[in-house]
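Report on the following structure.
The values are calculated or read from the model by the stated rules, or taken from the named source; none is laboratory data. Note that this is a predicted model, so its numbers are computed, not measured. For neighbour counting, all protein chains shown are included, and Cβ atoms are generated from backbone atoms with ideal geometry for every residue, glycine included. SASA here: full protein model, heavy atoms, side chains in, ligands and nucleic acids out. Shrake-Rupley method; radii C 1.70, N 1.55, O 1.52, S 1.80 Å.
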Amino acid sequence: MAVTKKKAAPKKSNTVKLKFDTSWNYAPAPESKSAATIHKQYDLFINGEWQKPSGKKYFDTINPATEEKLSEVAMANEADTNKAVTAARNAYEKVWKKMPAKERGKYIFRIARMIQEKARELAVIETLDGGKPIRESRDFDVPTAANHFFYYAGWADKLEYAFPNRQASPLGVAGQIIPWNFPLLMAAWKIAPALATGNTVVLKPAETTPLTALKLAEIIQEADLPPGVVNILTGAGETGASIVNHPGIDKIAFTGSTEVGKLIQRAIAGTNKKATLELGGKAANIIFEDAPIDQAVEGVINGIFFNQGHVCCAGSRLYVQESIAKQVIRKLKDRIETLIVGDPIDKNTDIGAINSKQQLDTIHKYLNIGKKEGAEMYESSCPLPRKGYFCRPTIFTNVAQSSRIAQEEIFGPVLAVLTFRTDDEVIEKANNSPYGLSAGVWTDKGSKIFNMTKRMRAGVVWANTFNKFDPSSPFGGYKESGFGREGGLHGLMPYIHLTHQS
Ligand code: NAP
Ligand code: MG
């Protein structure tokens, strides 16, 4: 009998290649800029009033999406730092530390409510000054900043419950220095626990994003906070250094790069100043083969492309279990094609502007390093606006553990993808980093989550989610990501002395 061989049926692919229809676009949906009042010029907020800078110098702050000047802002020098620290000291000694905690709490609640009332304006200013999508400033930065004030306002008169049988007393004047990636939120993280515990503040926002901190100064003035309790000094790195080095400062709270964090640690060595340092990161996001893949991909996308990757805890290293690597990489590539890069003030925008030309140059430098190191680069094919500082979301595959794009913080929308086979291997790889701020685990198994979180050297480990924040949970790093915790009960600790009650 003749046997006829059946032609083998073509192999069915279990993946579907998505085709993206480029023939249509979302209609522009810009948030109205009229919600925001930005003055032409800002002075320094010292002792409850606006004071001219001693050096009579101002610098421009621009919109990184258009490169247009938004305003000019005072450059504080040492004499101004002196004035601000003196005002903070007087306010501390004469008013704030003597005030009943309940009354202090009322002021902080008032600030929280006023942030909510002015939420729209704050969101628009944040987006114009820093380049982050309005959706993020509106839905994340501003509400979370208000929540921090609400949360710590609640603690102000309950410190005896926070620290039972011990007496909490304030440190004095806190010098607080913040970066440009979450300008209002970082100000809230710093100011709210300091005030709740009875300290006064001298705060310096980053040079490229001073406007929401100045708007917060207006809110603080309107809230009738006693003069000198919060002082805001705008300026550059030297202004920050003058706060760090001032002998009248009792505590430094710094969020920024590991490089500057090390400088600060050296500067305060041998002094009585206390410090918390929230520094850089290179978070590992780990996907196991049993994870819900689509959710994990979405989480990874959010983890690295949220706020253009300008996030200290961004999931910039992805470890995928080998058996699902192909599938995950294809889904990631498809997904970044759908991300909208463009004007941050538009409500449809997913990825806004890179904060500064300098940061864009840094990101480009790393893209070249990645290519030279032999990794495969895949960037979205989306068009970029002609003006402003923009970068396409980019994925590197075939990345070696030792390569610089897997080890160093890029602080941009760039994901390095690596693979692993076993739990032990991925733990070793994930922990093989000078940083230890955050990490993510994606798996169906609760036991695996507990096993991984116990062994990961990271301050925060998210499981089946990423980049979630709540004022009641502490945040902070291991190793070169700094020390000290912000948020939650832990966030009160760096601002107090504790003594045993007799
Ligand atoms: P940065 O250069 O370290 O600056 C941070 C702040 O320090 C800015 O206000 C800066 O002023 C000021 N500064 C600069 N030199 C100083 C000095 N010698 N002494 C005192 N202050 C000084 O960091 P960045 O580039 O703005 O921010 C990005 C970095 O922050 C990233 O590494 C990121 O990972 C880290 N970050 C960490 C966290 C966290 O919670 N761990 C959160 C957000 C960001 P100028 O702006 O005027 O230079
Ligand atoms: Mg700006």
Requested in this report: Determine if the stretch 181-188 includes at least one residue that is out of contact with any Ser or Thr (no Cβ under 6 Å at 6 or more places or on another chain), more than 15 Å from ligand 1 (Cβ to nearest atom) and not in a loop (DSSP other than H, G, I, E, B).
Outcome: no
Report summary line: Here the residues within the stretch 484-502 that are crowded, with 18+ Cβ neighbours inside 10 Å and either in a strand (DSSP E or B) or among the acidic types (Asp, Glu) (or both) are Glu486, Ile496
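Out of the stretch 317-341, which residues are touching a strand residue (DSSP E or B) at 6+ places or on another chain (Cβ under 8 Å) and either in a loop (DSSP other than H, G, I, E, B) or among the polar types (S, T, N, Q) (or both)?
If the condition is that a residue be touching a strand residue (DSSP E or B) at 6+ places or on another chain (Cβ under 8 Å) and either in a loop (DSSP other than H, G, I, E, B) or among the polar types (S, T, N, Q) (or both), then Gln321, Leu339, Ile340 are the ones that fit.
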**Report entry** Selection count, the stretch 33-54, where residues are within 15 Å of ligand 1 (Cβ to nearest atom) and farther than 20 Å from Leu122 by Cα
**Finding:** 1
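Go through the stretch 204-284 and tell me which strands (runs of 3 or more DSSP E), entirely inside it, have 1 or more residues that are at pLDDT 95 or above, open to solvent by 10 Å² or more (accessible area, probe 1.4 Å) and over 16 Å from Phe45 (Cα atoms).
Values: elements: 230-232, 251-255, 274-278.
The qualifying strands (runs of 3 or more DSSP E) are 251-255, 274-278.
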Report summary line: Given the conditions (1) on the phi > 0 side of the Ramachandran plot; (2) in contact with a Lys or Arg (Cβ under 6 Å, 6 or more places away or on another chain), every one holds for Gly131 apart from (2)
Query - Failed condition for Ser169, given (1) touching a residue at least 12 places away in the same chain (Cβ under 8 Å); (2) away from ligand 1 (no atom under 16 Å from the Cβ); (3) assigned to a helix (DSSP H, G or I); (4) surrounded by fewer than 23 Cβ atoms within 10 Å (Cβ to Cβ) - result: (3)
Requested in this report: Determine which member of the set Ile134, Ile111 is buried (at least 18 other Cβ atoms within 10 Å of the Cβ) and under 30 Å from Val341 (Cβ atoms).
Outcome: Ile134
Requested in this report: For the stretch 125-137, name all the residues that are within 13 Å of ligand 2 (Cβ to nearest atom) and among the aliphatic types (A, V, I, L, M).
Outcome: Ile125, Leu128
